[in-house]
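Okay, so here's the structure we're looking at.
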Amino acid sequence: MKKTNLFAILTLAATPAFLHAQVTSYSDIVGYTTTTVKGRGSSGQPTFMSFVPVNLTKAPVFTGSATAVATTVNLTGASLTGSFGPTGGYPTHYVVIRSGSGEGYVSDIVSATSSTVTTADNLSSFLATSQSVAVIPHIKLSDVLGTGASVLVTGGSAATSADNVLLVDSTGAFKTYYYKTGIGAGWKTAANADATSLIVYPGEAILVNRRQIADSAAIVQSGTVPPHSVKTVIDGSGKLTAVASGVPISVTLPNLTSVLAGGSAASSADNVLVINPTTGKLDTLYYKTGIGAGWKTSANANADTTADISNGFVVKRRSTTSAVFSQTKSW
């Protein structure tokens, strides 16, 4: 689970996610996506990776205008009820900015009153004057992959015998989770700590490493398409960022050309990791500058720039500064 900050919001999957939507006048677009986690089949591979995107949201508990003073966000006309603080060490709700220069950024909610929320980040530069925001419950890993009898990946008595689920943590590294079966069943870390409340951020890609020969059952996610442009922040300093398209639309490598830094070799450029559809492993791509410029594999072969990577990809950015992948609202 990756910690949000003001500039951190936010496959080659076996089966791409498609949006099935109903559009009603004057309302948000709601619908569902379907993804399949690919099994290792007869490839002889011990495991096979797939990305599962999270690009629909739960229904907001508040929408309206807001103004921020430091980390306090004043919600005009709000009457919040219930708990908004962290549970089990994980945040339960977030604020997303829906208008103005900060449109698309999110920040976790630390605490709340009936008409204010305290956020993990200082949003005052974006909400100095009244702007549109929404308060939305976080999506849990169990919302996506299920739990108990409805779990959609294969569990086991330990991480070594179950399908592994990888999410990028606050250090910018992959952390492994799995569904434990038997006594004490539930979502766990690889070290068997409880992960019942584990969340997945908007626009984050879940990486599933499947041990089974067969594909998983269909993973169906329902929810709302974000009714605003989306900003996905890619951390710097060599950290990993697992990204899915912020909405169910196609993304290809050329969409990243102006966002990421190229270089004369993979060792000096930002790296994009995608799943090799034959081996089920992560391949490293980069944008080569200079003579023969273009998207390349780490071995300097031409990369497929038409492949749909909207379900997920991983970025390793070398600069100490973050980059922002913006998706301007066209849906």
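The values are calculated or read from the model by the stated rules, or taken from the named source; none is laboratory data. Being a predicted model, the structure only gives us computed values, none of them experimental. Please note: Cβ atoms are built from the backbone with ideal geometry, for glycine as well, and neighbour counts cover all protein chains shown.
Within region 80-103, residues that are among the polar types (S, T, N, Q) sit with their Cβ atoms under 7 Å from residues that are crowded, with 16+ Cβ neighbours inside 10 Å and not in a loop (DSSP other than H, G, I, E, B), at 6+ positions apart or across chains, in these pairs: THR92/PRO137; SER99/GLN131; SER99/SER132.
As a summary of the residue check, GLY263 satisfies the conditions (1) more than 25 Å from LEU56 (Cα to Cα); (2) surrounded by 19 or more Cβ atoms within 10 Å (Cβ to Cβ); (3) not basic (Lys, Arg) except for the one numbered (2). Only residues that are out of contact with any Pro (no Cβ under 9 Å at 6 or more places or on another chain) and farther than 14 Å from ILE97 by Cβ: list them for region 120-147, please. LYS140, LEU141, SER142, ASP143, VAL144, LEU145, GLY146, THR147 - these are the residues of region 120-147 that are out of contact with any Pro (no Cβ under 9 Å at 6 or more places or on another chain) and farther than 14 Å from ILE97 by Cβ. Counting the residues of region 134-155 that are more than 20 Å from the chain's Cα centre (by Cα) and either on the phi > 0 side of the Ramachandran plot or of a type in the set (D, E, K, R) (or both) gives 1.
Conditions (1) among the β-branched types (Val, Ile, Thr); (2) out of contact with any Lys or Arg (no Cβ under 6 Å at 6 or more places or on another chain), marked per residue:
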residue	(1), (2)
SER124	no, yes
SER132	no, no
THR147	yes, yes
THR154	yes, yes
VAL165	yes, yes
THR171	yes, yes
ALA185	no, yes
ALA193	no, yes
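Residues of region 167-179 that are buried (at least 20 other Cβ atoms within 10 Å of the Cβ), within 19 Å of LYS316 (Cα to Cα) and of a type outside the set (Val, Ile, Thr): LEU167 alone.
Only strands (runs of 3 or more DSSP E) whose full extent lies in region 1-105 are considered here, and the ones with at least 3 residues that are at pLDDT 90 or above are 30-36, 48-53, 62-69, 72-75, 93-97. Residues being under 18 Å from the mean Cα position of the chain (by Cα) and under 12 Å from TYR179 (Cβ atoms) are entirely absent from region 106-114.
Looking across region 276-293, not a single residue is β-branched (Val, Ile, Thr), under 13 Å from LEU253 (Cα atoms) and touching a Phe, Trp or Tyr at 6+ places or on another chain (Cβ under 9 Å). So which strands (runs of 3 or more DSSP E) stay within region 203-316 end to end and still have 3 or more residues that are in contact with a strand residue (DSSP E or B) (Cβ under 8 Å, 6 or more places away or on another chain) and farther than 17 Å from LEU166 by Cα? Hits in region 203-316: 219-224, 230-234, 282-288, 294-297. Only one entry in ASP169, ASP194 is among the acidic types (Asp, Glu), within 22 Å of the chain's Cα centre (by Cα) and closer than 20 Å to PRO53 by Cβ, namely ASP169. Restricting ALA158, ALA190, ALA128, ALA217 to those that are surrounded by fewer than 18 Cβ atoms within 10 Å (Cβ to Cβ) and closer than 29 Å to SER115 by Cα reduces the list to ALA128.
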